[in-house]
Amino acid sequence: MDSMFLNRLGAAFLLSGVSVWMCSAVGSAVVPQTAPAKPAFSLPGLENKPIAPFMAHADAARGDALVHQVCTSCHAVNEGASDGVGPNLSGVAGRRIAGLSSYSYSGALKGQQKHFWSDQALS
Ligand code: HEC
């Protein structure tokens, strides 16, 4: 190995390090690492309200359309279908939280396994 090769190798490592550092600095400046001031999806004034009165007037067809619009990009909703990015939601109402053996849930959701998905919990 001649000294020129070692110089080039050192320069390559140095440039790679500087590039990674610059990308990280620019990324941190452009994408804030704090929680958003306003939730992306908010239900003003409806958080933590009992769901039962709303269920009395629920429009199942509209709910079905919304689920297909918003949720099915990650969740299958047909019985027996494979899990997607998220677990299959067929029969989720009344099911144990993180209750599918086929899906690898996060530790946070697994920690809720003694509870069930009631209408209120889903809300
Ligand atoms: C961007 C992907 C994505 C979208 C869109 C999404 N989910 Fe999920 N969902 C997930 C993931 C991933 C999990 C598993 C989370 C975990 O393990 O902590 C999950 C978990 C769930 C669970 C828990 C299921 C169980 O077996 O305990 C429910 C209920 C749920 N989602 C409902 C919905 C509904 C309703 C919508 C639409 C309004 C929706 N999700 C949209 C990715 C998504």
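Throughout, read-outs are computed from the coordinates displayed, never taken from laboratory work. Since the structure is predicted, the reported quantities are computational estimates derived from the model, not experimental observations. Positions of Cβ are generated from backbone atoms using ideal geometry, with glycine treated the same way; all protein chains shown enter the neighbour counts.
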(request) Kindly provide the chymotrypsin sites (Phe, Trp or Tyr not before Pro) of the stretch 14-123 that DSSP labels as loop, not H, G, I, E or B, and whose Cβ sees at most 12 other Cβ atoms within 10 Å. (result) Phe41
(message) Under 5 Å between amide hydrogens, which residues at least 5 positions from Phe116 or on another chain qualify, with H placed 1.01 Å from N in the peptide plane?
(response) Ile97
(message) Can you return the aspartates and glutamates within cross-link range of Lys38? Criterion is Cα-Cα under 15 Å, with same-chain partners fewer than 8 residues away left out.
(response) Glu47
(request) Using the Karplus curve 6.51 cos²θ - 1.76 cosθ + 1.60 with θ = phi - 60°, work out ³J(HN,Hα) for each residue of the stretch 64-81 in order, rounded to whole Hz, and write x for Gly and Pro. (result) 4, 5, 5, 4, 5, 6, 9, 9, 6, 5, 10, 10, 7, 10, 9, 4, x, 6
(message) Once you place label points 7 Å from the Cα toward the Cβ at Ala61 and Glu47, how far apart are they in nm?
(response) 3.4
(request) Taking 7 Å along the Cα-to-C-beta vector as the label spot, tell me the Phe54-Gln112 distance in nanometres, rounded to one decimal. (result) 1.5
(request) Treating each Cα of the chain as an identical point scatterer and ignoring solvent, apply the Debye formula and state log10 I(q)/I(0) at q = 0.11, 0.14, 0.20, 0.23 Å⁻¹. (result) -0.64, -0.84, -1.27, -1.39
